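Okay, structure first, notes after.
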Amino acid sequence: DRETSKIDALIAEQVKLIALLAEKRQATISHAVTKGLNPSAPMKDAGVAWLGEVPAHWEVIRVKDVARLESGHTPSKQFPEYWENCAIPWVSLNDSKYLAAHDYISDTAVKINELGLANSSARMLPAGAVVFTRDATIGLAAITQLPMAVSQHLIAWCPSARITSLFLLRIFNAMKQHLDSHTFGATIKTIGMADVKKLTTTVPPLPEQQAMTAHIKAETTKLDALKGDAEQAIALLKERRCALIAAAVTGQIDVRGA
(Lines give C-alpha, C1' and ligand atoms only; values in the text may rest on other atoms or scores of the structure.)
Protein backbone atom coordinates (compact mmCIF):
# COMPACT_ATOMS: atom_id res chain seq x y z
CA ASP A 1 0.00 0.00 0.00
CA ARG A 2 2.79 2.43 0.87
CA GLU A 3 4.70 1.87 -2.37
CA THR A 4 1.68 1.75 -4.67
CA SER A 5 0.35 4.98 -3.13
CA LYS A 6 3.55 6.69 -4.27
CA ILE A 7 3.08 5.34 -7.78
CA ASP A 8 -0.60 6.33 -7.79
CA ALA A 9 0.38 9.88 -6.81
CA LEU A 10 2.79 10.05 -9.74
CA ILE A 11 0.11 8.75 -12.10
CA ALA A 12 -2.33 11.39 -10.81
CA GLU A 13 0.26 14.10 -11.55
CA GLN A 14 0.65 12.87 -15.13
CA VAL A 15 -3.15 12.78 -15.59
CA LYS A 16 -3.34 16.37 -14.34
CA LEU A 17 -0.55 17.36 -16.73
CA ILE A 18 -2.44 15.85 -19.69
CA ALA A 19 -5.54 17.89 -18.76
CA LEU A 20 -3.47 21.08 -18.52
CA LEU A 21 -1.84 20.38 -21.88
CA ALA A 22 -5.30 19.94 -23.45
CA GLU A 23 -6.36 23.32 -22.01
CA LYS A 24 -3.17 24.92 -23.32
CA ARG A 25 -3.74 23.42 -26.77
CA GLN A 26 -7.29 24.76 -26.90
CA ALA A 27 -6.14 28.21 -25.72
CA THR A 28 -3.35 28.31 -28.32
CA ILE A 29 -5.78 27.62 -31.17
CA SER A 30 -8.46 30.00 -29.84
CA HIS A 31 -6.05 32.89 -29.32
CA ALA A 32 -4.53 32.56 -32.78
CA VAL A 33 -7.81 32.51 -34.73
CA THR A 34 -9.46 35.27 -32.71
CA LYS A 35 -6.55 37.61 -31.86
CA GLY A 36 -3.96 36.88 -34.55
CA LEU A 37 -0.20 36.80 -34.17
CA ASN A 38 0.46 40.54 -33.97
CA PRO A 39 -0.09 41.75 -30.38
CA SER A 40 0.15 45.38 -31.58
CA ALA A 41 -2.66 45.13 -34.14
CA PRO A 42 -5.57 47.58 -33.60
CA MET A 43 -8.63 45.72 -32.35
CA LYS A 44 -12.40 46.00 -32.79
CA ASP A 45 -15.41 44.40 -31.15
CA ALA A 46 -16.46 41.45 -33.31
CA GLY A 47 -20.06 41.74 -32.16
CA VAL A 48 -19.99 38.01 -31.38
CA ALA A 49 -19.64 36.96 -27.74
CA TRP A 50 -17.28 34.02 -28.21
CA LEU A 51 -14.94 36.00 -30.47
CA GLY A 52 -14.67 39.14 -28.32
CA GLU A 53 -12.25 41.64 -29.83
CA VAL A 54 -10.52 40.77 -33.10
CA PRO A 55 -7.98 42.62 -35.27
CA ALA A 56 -9.66 45.61 -36.87
CA HIS A 57 -8.74 44.66 -40.45
CA TRP A 58 -10.33 41.19 -40.22
CA GLU A 59 -13.81 40.40 -41.53
CA VAL A 60 -16.33 38.76 -39.20
CA ILE A 61 -19.04 36.96 -41.18
CA ARG A 62 -21.12 33.82 -41.17
CA VAL A 63 -19.34 30.63 -42.12
CA LYS A 64 -21.95 29.92 -44.81
CA ASP A 65 -20.85 33.08 -46.62
CA VAL A 66 -17.31 31.78 -47.14
CA ALA A 67 -17.99 28.03 -47.35
CA ARG A 68 -20.77 26.08 -49.09
CA LEU A 69 -22.84 24.08 -46.61
CA GLU A 70 -23.57 20.44 -47.53
CA SER A 71 -25.69 17.93 -45.62
CA GLY A 72 -25.57 14.13 -45.66
CA HIS A 73 -27.81 11.07 -45.60
CA THR A 74 -27.86 7.31 -45.00
CA PRO A 75 -28.90 4.99 -47.84
CA SER A 76 -31.90 2.86 -46.87
CA LYS A 77 -31.03 -0.34 -45.01
CA GLN A 78 -34.17 -1.93 -46.49
CA PHE A 79 -32.30 -2.41 -49.75
CA PRO A 80 -29.34 -4.77 -49.20
CA GLU A 81 -28.01 -3.94 -52.67
CA TYR A 82 -27.19 -0.42 -51.41
CA TRP A 83 -24.70 -1.97 -48.99
CA GLU A 84 -22.90 -4.51 -51.17
CA ASN A 85 -19.35 -4.11 -52.50
CA CYS A 86 -19.07 -0.71 -50.86
CA ALA A 87 -16.03 1.41 -51.66
CA ILE A 88 -17.12 5.04 -51.25
CA PRO A 89 -15.82 6.58 -47.99
CA TRP A 90 -18.79 7.72 -45.90
CA VAL A 91 -18.16 9.70 -42.72
CA SER A 92 -20.56 8.78 -39.91
CA LEU A 93 -20.69 8.84 -36.12
CA ASN A 94 -18.65 5.61 -36.25
CA ASP A 95 -15.71 7.88 -37.07
CA SER A 96 -16.21 10.19 -34.07
CA LYS A 97 -13.18 8.96 -32.12
CA TYR A 98 -11.00 9.37 -35.18
CA LEU A 99 -12.30 12.89 -35.85
CA ALA A 100 -11.61 13.82 -32.23
CA ALA A 101 -7.92 12.94 -32.59
CA HIS A 102 -7.06 13.85 -36.20
CA ASP A 103 -7.12 16.92 -38.43
CA TYR A 104 -7.44 14.95 -41.68
CA ILE A 105 -9.50 11.92 -42.69
CA SER A 106 -8.75 9.62 -45.62
CA ASP A 107 -10.69 6.47 -44.68
CA THR A 108 -13.93 5.71 -42.86
CA ALA A 109 -15.29 2.94 -40.65
CA VAL A 110 -18.28 2.37 -42.96
CA LYS A 111 -18.52 2.76 -46.72
CA ILE A 112 -21.42 2.96 -49.20
CA ASN A 113 -21.70 2.08 -52.89
CA GLU A 114 -22.67 4.02 -56.02
CA LEU A 115 -26.23 2.64 -56.00
CA GLY A 116 -26.79 3.65 -52.38
CA LEU A 117 -25.38 7.10 -53.06
CA ALA A 118 -27.60 7.56 -56.11
CA ASN A 119 -30.71 6.57 -54.15
CA SER A 120 -30.16 8.85 -51.18
CA SER A 121 -29.75 12.56 -50.66
CA ALA A 122 -26.07 12.07 -49.74
CA ARG A 123 -23.65 13.69 -52.17
CA MET A 124 -20.00 13.26 -53.00
CA LEU A 125 -17.92 15.98 -51.40
CA PRO A 126 -14.58 17.10 -52.78
CA ALA A 127 -11.24 16.64 -51.07
CA GLY A 128 -10.58 19.60 -48.81
CA ALA A 129 -14.11 19.73 -47.39
CA VAL A 130 -14.40 20.21 -43.62
CA VAL A 131 -16.72 17.56 -42.16
CA PHE A 132 -18.42 18.42 -38.87
CA THR A 133 -20.51 16.33 -36.46
CA ARG A 134 -23.87 17.87 -35.55
CA ASP A 135 -25.15 15.04 -33.32
CA ALA A 136 -23.81 13.29 -30.18
CA THR A 137 -20.47 15.09 -29.66
CA ILE A 138 -20.98 18.39 -31.48
CA GLY A 139 -18.30 19.97 -33.63
CA LEU A 140 -15.81 17.14 -34.15
CA ALA A 141 -14.21 18.14 -37.41
CA ALA A 142 -11.58 17.09 -39.93
CA ILE A 143 -10.55 17.81 -43.51
CA THR A 144 -11.29 15.22 -46.19
CA GLN A 145 -8.24 14.08 -48.14
CA LEU A 146 -10.23 12.51 -50.98
CA PRO A 147 -13.84 12.65 -52.22
CA MET A 148 -16.28 11.38 -49.59
CA ALA A 149 -19.93 11.44 -48.55
CA VAL A 150 -21.33 12.00 -45.05
CA SER A 151 -24.27 10.71 -43.02
CA GLN A 152 -27.15 12.89 -41.84
CA HIS A 153 -25.40 13.20 -38.48
CA LEU A 154 -22.71 15.33 -40.09
CA ILE A 155 -22.53 18.35 -42.29
CA ALA A 156 -19.69 19.49 -44.50
CA TRP A 157 -18.32 22.84 -45.48
CA CYS A 158 -16.65 23.37 -48.86
CA PRO A 159 -14.46 26.48 -48.44
CA SER A 160 -14.39 29.23 -51.03
CA ALA A 161 -11.21 30.96 -52.17
CA ARG A 162 -11.57 33.39 -49.23
CA ILE A 163 -10.80 30.89 -46.47
CA THR A 164 -8.50 27.87 -46.25
CA SER A 165 -9.76 24.48 -45.13
CA LEU A 166 -7.22 24.36 -42.32
CA PHE A 167 -8.11 27.82 -40.99
CA LEU A 168 -11.81 26.88 -41.02
CA LEU A 169 -10.98 23.68 -39.15
CA ARG A 170 -9.16 25.72 -36.49
CA ILE A 171 -12.18 28.02 -36.18
CA PHE A 172 -14.34 24.98 -35.39
CA ASN A 173 -11.70 23.75 -32.91
CA ALA A 174 -11.83 27.14 -31.19
CA MET A 175 -15.61 27.44 -30.94
CA LYS A 176 -16.17 24.23 -28.95
CA GLN A 177 -17.74 25.91 -25.90
CA HIS A 178 -19.82 28.14 -28.16
CA LEU A 179 -21.16 25.07 -29.98
CA ASP A 180 -22.04 23.38 -26.68
CA SER A 181 -24.28 26.33 -25.79
CA HIS A 182 -26.43 25.65 -28.87
CA THR A 183 -27.02 21.95 -28.31
CA PHE A 184 -30.33 20.42 -27.30
CA GLY A 185 -31.67 16.92 -26.66
CA ALA A 186 -31.84 14.82 -23.50
CA THR A 187 -30.11 11.65 -24.71
CA ILE A 188 -28.33 12.53 -27.96
CA LYS A 189 -27.15 16.11 -28.16
CA THR A 190 -27.64 17.88 -31.48
CA ILE A 191 -27.35 21.33 -33.02
CA GLY A 192 -30.12 22.58 -35.30
CA MET A 193 -29.46 23.66 -38.86
CA ALA A 194 -30.79 27.13 -38.06
CA ASP A 195 -27.98 27.55 -35.52
CA VAL A 196 -25.46 25.94 -37.88
CA LYS A 197 -26.26 28.58 -40.49
CA LYS A 198 -25.62 31.33 -37.92
CA LEU A 199 -22.10 30.14 -37.02
CA THR A 200 -19.65 32.99 -37.40
CA THR A 201 -15.98 33.05 -38.32
CA THR A 202 -13.17 35.53 -38.55
CA VAL A 203 -11.76 35.93 -42.07
CA PRO A 204 -8.23 37.35 -41.99
CA PRO A 205 -6.29 37.93 -45.24
CA LEU A 206 -5.10 34.62 -46.69
CA PRO A 207 -1.39 35.18 -45.86
CA GLU A 208 -2.38 35.67 -42.20
CA GLN A 209 -4.55 32.55 -42.25
CA GLN A 210 -1.58 30.53 -43.51
CA ALA A 211 0.78 32.08 -40.94
CA MET A 212 -1.66 31.34 -38.12
CA THR A 213 -2.23 27.71 -39.10
CA ALA A 214 1.55 27.21 -39.38
CA HIS A 215 1.99 28.74 -35.92
CA ILE A 216 -0.76 26.54 -34.47
CA LYS A 217 0.83 23.43 -36.00
CA ALA A 218 4.23 24.25 -34.52
CA GLU A 219 2.84 24.93 -31.04
CA THR A 220 0.38 22.04 -30.90
CA THR A 221 3.05 19.61 -32.14
CA LYS A 222 5.11 20.48 -29.05
CA LEU A 223 2.11 20.08 -26.77
CA ASP A 224 1.12 16.78 -28.38
CA ALA A 225 4.67 15.47 -27.86
CA LEU A 226 4.48 16.35 -24.16
CA LYS A 227 1.11 14.62 -23.95
CA GLY A 228 2.64 11.53 -25.55
CA ASP A 229 5.46 11.56 -22.99
CA ALA A 230 2.96 11.81 -20.14
CA GLU A 231 0.87 8.93 -21.54
CA GLN A 232 4.00 6.80 -21.85
CA ALA A 233 4.95 7.66 -18.27
CA ILE A 234 1.52 6.55 -17.07
CA ALA A 235 1.84 3.25 -18.93
CA LEU A 236 5.28 2.60 -17.40
CA LEU A 237 4.09 3.52 -13.90
CA LYS A 238 1.16 1.11 -14.23
CA GLU A 239 3.55 -1.63 -15.33
CA ARG A 240 5.76 -0.82 -12.35
CA ARG A 241 2.77 -0.99 -10.01
CA CYS A 242 1.73 -4.42 -11.26
CA ALA A 243 5.31 -5.72 -11.14
CA LEU A 244 5.77 -4.44 -7.60
CA ILE A 245 2.63 -6.17 -6.34
CA ALA A 246 3.52 -9.41 -8.12
CA ALA A 247 7.06 -9.37 -6.73
CA ALA A 248 5.84 -8.69 -3.19
CA VAL A 249 3.17 -11.40 -3.07
CA THR A 250 5.47 -14.04 -4.60
CA GLY A 251 8.25 -13.43 -2.09
CA GLN A 252 10.68 -11.74 -4.50
CA ILE A 253 10.86 -8.70 -2.22
CA ASP A 254 11.90 -9.08 1.39
CA VAL A 255 9.40 -6.92 3.25
CA ARG A 256 10.28 -8.08 6.76
CA GLY A 257 12.26 -4.93 7.45
CA ALA A 258 9.78 -2.61 5.81
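The values are calculated or read from the model by the stated rules, or taken from the named source; none is laboratory data. These numbers come from a predicted model, not from an experiment. All Cβ positions, glycine included, derive from the backbone under ideal geometry; neighbour counts span all protein chains shown. For the accessible areas, the whole protein counts, side chains as well, though only heavy atoms, and no ligand, DNA or RNA atoms are used. Shrake-Rupley method; radii C 1.70, N 1.55, O 1.52, S 1.80 Å.
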Determine the sum of side-chain charges near P205: Lys and Arg each +1, Asp and Glu each -1, restricted to other residues whose C-beta is under 12 angstrom from that of P205. -1
Residue-span extension gain [I7 to A27] - 0.36 nm each, minus C-alpha spacing: 4.2 nm
Students often get this wrong, so try it: which of (1) 21.0; (2) 18.4; (3) 27.0 is Kirkwood radius over Cα pairs in Å as calculated from the structure shown? (1)
Set of lysines near K197 by C-alpha distance (under 18 Å), chain-local residues within fewer than 8 positions excluded: K64, K176, K189
Counting only protein heavy atoms with a 1.4 Å probe and every protein chain in place, the carbon and sulfur fraction of the accessible surface of the range 1-141 in whole percent equals 53 percent
What aspartates and glutamates does K222 reach when the alpha-carbon gap must be under 18 Å and sequence neighbours fewer than 8 apart in one chain are set aside? E23, D103, E231
Taking the solvent-accessible surface of protein heavy atoms with a 1.4 Å probe, what is the per residue accessible area of the chain in Å²? 54 Å²
Counting only DSSP beta bridges fully inside the chain, the antiparallel percentage to nearest 5 is 85 percent
Label-point separation (nm) for L236 and V249, each offset 7 Å from Cα along Cα-to-Cβ? 2.6 nm
Could you state the number of Å between the C-alpha centres of the range 201-237 and the range 1-18? 26 Å
HN-Hα couplings for the range 93-105 via Karplus (6.51, -1.76, 1.60; θ = phi - 60°), in whole Hz with x for Gly/Pro, come out as 5, 5, 9, 4, 4, 5, 4, 5, 10, 9, 8, 10, 10
